[in-house]
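Scroll down for the structure; my scribbles are underneath it.
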Amino acid sequence: MVSAEGSGGGRQAWMMAKSALKALIALVIFLAYALLAAVIIREAEWRNEHLNSEAAKDRTILVDQLRYELVAKLNELIKNPHNNSTLTHIKQLLDAYHNASYVSDVKTNAAAKHLIVDDNGMQMWSLPRSLTFVLTAFTLIGYGDIVPLTDAGRLTIVCLTVFGAVFMLFFMSSASTAQSRAIDAFCDVIVKRCGRGGPSLRLHADDHESLTTYAATHNESETNLILDHFRFLVRRAVARFVLGLIFLASSISLGAFVKKLEEKEWSWLTSYYFTFQTFSTIGFGDVVPRRFATKECTMWYAIFFFAYILCSLSVMSVVIGFGISLFRTVMTTANAFLPDEKEPDGDEEGESKDTNPAKDRLLGDCVKIRQYIP
């Protein structure tokens, strides 16, 4: 018995290690693809916006040249004694027109100029910020603080996101499996100390013969054994869900704590608000870390930040799965404890004396629950 439990524990540890390794490989593949996508989108936006910026500079130079020529002619006319006030007024109007045209030109091309170098002196489409944009797109968060403004950039990010979402879902599946198995292993240790039932009974609860033998050996009623096993499954489902919630709350609190340290002007409520909308992939965009728009947003910062975000997203999916499992378990258990419907009067001679409809249904429901809780 000890060897069986030892082998079972070793197999469980091996499965956990295998799941963790698979999740790590999926994360590396996803980040590598995201880095490649960041380089592509950066080139697409940089070249197009760079051309727009150069065109804006050329137009500004042309306006300055025309203004210089007109002002020179006006200065010659002002030297004449005739209608000096009118010429001065014309010069003032020309200056106002030049200022208005310059402001209009700046507003029209503000996006192009701002995307090259922003107010902080940092390239808007630098590699770290491009990686940040790509990862927010792949994870479906989409803060909206930086977006492509060219047709080439928009088409590029649409095509890249199709494959990026696939890699992201593959990582989410692998990470969720690893986290679920880790929580299950910890949960089994807790539940085993809270009452009988569990693995020892699960080996015998699939058919009448083995269950009858187990009940006779342990001087227990078969029905009571099944009901005890129901209680074990419910306790296990509740424990899994509660542990998942604790794990999720810890992840959100850790993220909020880090953001509070980085963003000094944020309150604790703002930090939790940002962290929750990020983990739930809502991404309103009303609150965005200032570090994303400064030179402090390095490559390593973007990689570690979104690796943490991806792991937290998988925690969210695990908790949702545990909640669904708990609901199904409770509903099936409630059905198992309902009184049996009376069988209609019929030919009772053909019925086997060994048949127990109540026990048959309990066994069926017990096996049904086990498919929800691995």
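A short reminder: the numbers here are calculations on the coordinates, not readings from a lab. What you see is a predicted model; the values in this text were computed from it and never measured. Cβ atoms come from the backbone with ideal geometry, glycine included; neighbour counts cover every protein chain shown.
Brief remarks follow.
- Put a dot 7 Å past the Cα of ALA165, heading toward its Cβ, do the same for GLU43, and the two dots end up 2.5 nm apart.
- The range 250-302, relative contact order [Cα under 8 Å, separation at least 6], %: 31
- Global size of the range 242-294: 11.4, 39 Å for Rg and Dmax (C-alpha atoms, Rg to one decimal, Dmax whole).
- Here r is the Cβ-Cβ distance between ILE29 and TYR68 and R0 is 41 Å; the resulting FRET efficiency, rounded to 0.05, is 0.10.
- Taking 0.36 nm per residue of separation and subtracting the current Cα-Cα distance, fully stretching the chain between THR281 and ARG328 would add 14.3 nm.
- In order along the range 247-262, phi translates into HN-Hα couplings of 4, 5, 4, 5, 5, 5, 5, 5, x, 5, 5, 5, 5, 5, 5, 6 Hz, rounded to whole numbers, per the Karplus curve 6.51 cos²θ - 1.76 cosθ + 1.60 with θ = phi - 60° and x for Gly and Pro.
- With each label modelled as a point 7 angstrom along the Cα→C-beta vector, the ASP95-LEU21 pair spans 7.7 nm.
- On full extension, the segment bounded by ASN335 and GLU265 gains 19.8 nm, given 0.36 nm per residue less the C-alpha separation.
- Between TRP14 and LEU36, the simple label model (points 7 Å from Cα in the Cβ direction) yields a spacing of 3.4 nm.
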